[in-house]
Structure formats: structure tokens, C-alpha cells
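Engineer: Right, I'll just put the structure down here and ask away after.
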Amino acid sequence: MSSTPAVTPTPKLSDDDVQAIDRLRDAYHRLTTELGRVIVGQKDTIEQLAICLFARRHALLMGVPGLAKTLLVSKLAETMSLKFSRIQFTPDLMPMDITGTDILQDAANGRREFEFVQGPVFANIVLADEINRAPPKTQAAMLEAMQEHRVTVLGKIFHLEAPFMVLATQNPVEQEGTYPLHEAQLDRFMSLIELDYPDEDEEIQIARTTTGDDLPELVHLMTGQQIIQHQNLVRRVPVPDHIYTFCARLVRKTRPGGKTAPEWLKPLVAWGAGPRAVQNLILGAKSRAALYGSYMVRLEDVQHVAAAVLTHRIITTFAAQAERVTAKAIVKRLVEETTETL
């Protein structure tokens, strides 16, 4: 006698959580409006940054110099009343330059004692500029901070204050003298956010905005404690069973050695996404749903974050590169095919 598996009922939000999502939606609208006073265009980038922030995850920004990456991140921190720090990664940067170190100081009793001086990683939003220019040892120090929200200095553990978010940048053009991030490091970033050149009207507006008076100070829209509350709220957004199924199937199709991988993908992909990709698809979809005032994750939320979450987790083959087939194009086709079979 066969039996069909029971369908788990989708949990519902409490009345308090429904009201909290409405407040988060309004706060996100005010955030985009406020950042628009300084940042011209980049609406998709602002959305992706907000999704990562409220999902309690990190992001990798990819774009040529001059696209206001540093300005955008610093102004995002300003509107959130968060401590911001920028680390310029260079080949001679050492781990202690990031984490801090013990320094010998004169104590009140006349003796000299070691005192820990915090490095720039002790902030709420850290911009790791051109992270691939630092050697692997320094990248590993940043990796511990990202994964564990703590740093270890001379055997002592120091915890980082929440909320904590790392936004790393890479220059896609200049790769000479760099230390490319390996797959394990790339997997720690929830999203790859690609910035492109502005269109003509936006470029004219940029020239007008940045060549006159000083940029305006932005209004502080929320505190760090409010951000933590919103992050906890995002975790409680309900997800229907078919969304979990969609995310798992989509990620499993990226693996060329798997049974569900389509035949057209196998010669193009050397390595697919791991289980962390499924987690980040769900978290990204939860965050986007909450930002837009939805009380449940929808399929469109997953479709919208799929490219940012999966692109940097797919390693293409030489054949794909020769045919100029990008990981982003592969993800787009997989999303379309998976949607049709859902």
C-alpha cells in the first residue's frame, strides 16, 4: 500500500511580525529615496546590498574604478547609523593591519603593559577594497571575521559587534599582481553584485551632482539595534515547500557530475554550487520578500536573487570561455528551465 508524503503546512506570521514587515518595507523605501540624493542610478545595486544586509550576509562588488562603490557603501552606513571602515588591500598588508594587535603602553601604576588596539575590521560595515590584492594569509584573517564574526590575535579571541557586514570589491579588468579568491572564499559571499557603467542621462546627472557643492548629509533612518531586529524578522518569513524544492533543484542542476544536470551544461561547467547556495537563495528570497512587504516568499523573489547568489559559485570550463558563455548566462537558462518544470 503506497502512501504519499505529507505536505508540511507553511507557517504564518504573527500579527506583530506582519506589522514589522510593513515597517521594514517603509524603511526600505525611505532608504532608497535617501541614498538617491547622493547616488545616481544603481537601484539594483542598492537593492542587492539591502538584501544582503538584512539577510545577515556579505557581498562581493565587482566593477571598474569610478562607479562610486566606496561612496555607496559609506552612505549606506551613514543612513543606518553604523560604524564604517575602509581597508585598502595591498600586497604588503598583514593580518594585524586588519585585526589589530597588542601594543606596549605605559600603565597607571608606572609599569608597561600590553594593550590591544583594535584594527579597522572592528566596525559594522567594512569595505574591503580590492580584496584580491592581498596575500592569502591576510585574506584568511578577513575570512575568519566574515565566517565567525570574531578575530583571533596572539591566541586571544575578540568578538565583533553586530550587525557586521563585509563588502569586498574586485576590479574585473586589472588582474596583474593579484591573489584571486579561491572557491572556498568566494562561497562565503552571499551575492556577487556587478556594477555597470551608467547610461547617458545618469552620467550627466553624476557630473552635475559631484562638481558643485559638497554632497548633502543623509538622514539616519535606523539604529544598529533596529537592523538586528529586522534581520531576525527576515529569518521568520515563511517559505512554501515548493520554493524549497525549486531552490534545491536549481542548485543541483549546476553540478555537471549530478544526475539532474542538463546535457548542454556538462561541457560548460567544471564545478557547480554547493549546499550553501541553497541556504543563500532562501535567505536572499526571504530578505527581498520582506523588503517589498510580502508576508511569504514568492517564486519571483528566488528568481530575482538567483544570478547574484549563483554566478560566482559556478566555475566554467575553457570551452565555455572560448564560446564566451558566462556563468550568469548559464544561471539564467537554468532558472528558466527549472521554472518550467516546477
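The values are calculated or read from the model by the stated rules, or taken from the named source; none is laboratory data. The structure presented is a predicted model; accordingly, all values stated were derived computationally and were not measured. Cβ atoms come from the backbone with ideal geometry, glycine included; neighbour counts cover every protein chain shown.
Engineer: Could you list, in sequence order, all residues of segment 192-246 that are of a type in the set (D, E) and closer than 25 Å to H29 by Cβ?
Structural biologist: First pass over segment 192-246, keeping only residues of a type in the set (D, E): 194, 196, 199-203, 213-214, 217, 241.
The answer is E194, D196, D199, D201, E202, E217.
Engineer: If you don't mind, there's one more thing I want to ask. Looking only at segment 82-111, how many residues end up being within 29 Å of Q279 (Cβ to Cβ) and either in a loop (DSSP other than H, G, I, E, B) or of a type in the set (S, T, Y) (or both)? Walk me through how you get there before you give the answer.
Structural biologist: Let us first name the residues in segment 82-111 that are within 29 Å of Q279 (Cβ to Cβ), namely 82-87, 89, 95, 98-99.
Retained after the next criterion (residues that are either in a loop (DSSP other than H, G, I, E, B) or of a type in the set (S, T, Y) (or both)): 82-83, 85, 89, 99.
Looking only at that region, the number is 5.
Engineer: Is segment 235-251 home to any residue that is within 21 Å of the chain's Cα centre (by Cα) and loosely packed, with under 13 Cβ neighbours inside 10 Å?
Structural biologist: No, there is no match, as no residue in segment 235-251 is within 21 Å of the chain's Cα centre (by Cα) and loosely packed, with under 13 Cβ neighbours inside 10 Å.
Engineer: Kindly list the number of the only condition in (1) under 20 Å from the mean Cα position of the chain (by Cα); (2) buried (at least 19 other Cβ atoms within 10 Å of the Cβ) that fails for P120.
Structural biologist: Here P120 meets the rest and fails (2).
Engineer: Applying the selection to segment 313-326, what residues are in contact (Cβ under 8 Å) with a residue 24 or more places away in the chain and among the hydrophobic types (A, V, I, L, M, F, W, C)?
Structural biologist: I314, I315, A319, A320, V325
Engineer: Could you say whether any residue in segment 289-298 is touching a residue at least 60 places away in the same chain (Cβ under 8 Å) and either over 30 Å from L31 (Cβ atoms) or out of contact with any Lys or Arg (no Cβ under 9 Å at 6 or more places or on another chain) (or both)? It would help to see each step written out before you state the result.
Structural biologist: First, the residues of segment 289-298 that are touching a residue at least 60 places away in the same chain (Cβ under 8 Å): 290-297.
Applying the additional criterion that residues be either over 30 Å from L31 (Cβ atoms) or out of contact with any Lys or Arg (no Cβ under 9 Å at 6 or more places or on another chain) (or both) yields none.
Among the residues of segment 289-298, not one is touching a residue at least 60 places away in the same chain (Cβ under 8 Å) and either over 30 Å from L31 (Cβ atoms) or out of contact with any Lys or Arg (no Cβ under 9 Å at 6 or more places or on another chain) (or both), which makes the answer no.
Engineer: Could you please find all residues in segment 117-135 being farther than 20 Å from L181 by Cβ, in contact (Cβ under 8 Å) with a residue 24 or more places away in the chain and of a type in the set (A, V, I, L, M, F, W, C)?
Structural biologist: Matches in segment 117-135: F122, A123.
Engineer: Scan segment 48-72 residue by residue and report those that are assigned to a helix (DSSP H, G or I) and closer than 18 Å to R288 by Cβ. I'd like the intermediate steps shown before the answer.
Structural biologist: Of segment 48-72, the ones assigned to a helix (DSSP H, G or I) are 48-54, 69-72.
Correct list: Q48, L49, A50, I51, C52, L53, F54.
Engineer: Can you pull out the residues in segment 145-171 that are acidic (D, E) and in contact (Cβ under 8 Å) with a residue 24 or more places away in the chain? Quick ask: steps written out before the conclusion?
Structural biologist: From segment 145-171, those acidic (D, E) are 148, 161; that's our starting set.
Answer for segment 145-171, where residues must be acidic (D, E) and in contact (Cβ under 8 Å) with a residue 24 or more places away in the chain: just E161.
Engineer: When you go through A261, A329 one by one, which is the residue that is of a type in the set (A, V, I, L, M), closer than 23 Å to L181 by Cβ, without any contact (Cβ under 8 Å) to a residue 24 or more places away in the chain and surrounded by fewer than 19 Cβ atoms within 10 Å (Cβ to Cβ)? Can you show your working first?
Structural biologist: Details: A261 fails: closer than 23 Å to L181 by Cβ.
A329 is the lone residue from the list that is of a type in the set (A, V, I, L, M), closer than 23 Å to L181 by Cβ, without any contact (Cβ under 8 Å) to a residue 24 or more places away in the chain and surrounded by fewer than 19 Cβ atoms within 10 Å (Cβ to Cβ).
Engineer: Yes or no: segment 40-49 includes at least one residue that is in contact (Cβ under 8 Å) with a residue 12 or more places away in the chain, of a type in the set (S, T, Y) and within 30 Å of E183 (Cα to Cα).
Structural biologist: yes
Engineer: Tell me, which helices (runs of 4 or more DSSP H) wholly within segment 249-342 include 2 or more residues that are at pLDDT 95 or above and not aromatic (F, W, Y)?
Structural biologist: Values: elements: 275-291, 299-310, 318-322, 327-341.
In segment 249-342, 275-291, 299-310, 327-341 are the helices (runs of 4 or more DSSP H) which contain 2 or more residues that are at pLDDT 95 or above and not aromatic (F, W, Y).
Yes/no matrix, rows are residues, columns are (1) buried (at least 16 other Cβ atoms within 10 Å of the Cβ); (2) without any contact (Cβ under 8 Å) to a residue 24 or more places away in the chain:
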site: E115; (1), (2): no, yes
site: K137; (1), (2): no, no
site: L143; (1), (2): yes, no
site: E200; (1), (2): no, yes
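Engineer: Does segment 52-62 contain any residue that is in the same structural domain as T209 (by TED's automatic domain parsing), of a type in the set (A, V, I, L, M, F, W, C) and surrounded by fewer than 20 Cβ atoms within 10 Å (Cβ to Cβ)?
Structural biologist: First, pick out the residues of segment 52-62 that are in the same structural domain as T209 (by TED's automatic domain parsing): 52-62.
Still in the running and of a type in the set (A, V, I, L, M, F, W, C): 52-55, 59-62.
If we keep only those that are surrounded by fewer than 20 Cβ atoms within 10 Å (Cβ to Cβ) as well, we get 62.
Yes, segment 52-62 contains a residue that is in the same structural domain as T209 (by TED's automatic domain parsing), of a type in the set (A, V, I, L, M, F, W, C) and surrounded by fewer than 20 Cβ atoms within 10 Å (Cβ to Cβ).
Engineer: Would you mind finding the one in R324, R288, R313 that is basic (K, R) and surrounded by fewer than 18 Cβ atoms within 10 Å (Cβ to Cβ)? Give the derivation first.
Structural biologist: Working: R288 fails: surrounded by fewer than 18 Cβ atoms within 10 Å (Cβ to Cβ); R313 fails: surrounded by fewer than 18 Cβ atoms within 10 Å (Cβ to Cβ).
After ruling out the rest, the residue left standing is R324.
Engineer: If you go through segment 179-222, how many residues are under 30 Å from D92 (Cβ atoms) and either modelled with pLDDT under 80 or not aliphatic (A, V, I, L, M) (or both)?
Structural biologist: Quick first cut of segment 179-222, residues under 30 Å from D92 (Cβ atoms) only: 179-195.
Subsequent filtering for residues that are either modelled with pLDDT under 80 or not aliphatic (A, V, I, L, M) (or both) retains 179-185, 187-189, 191, 194.
Residues that pass the stated criteria total 12.
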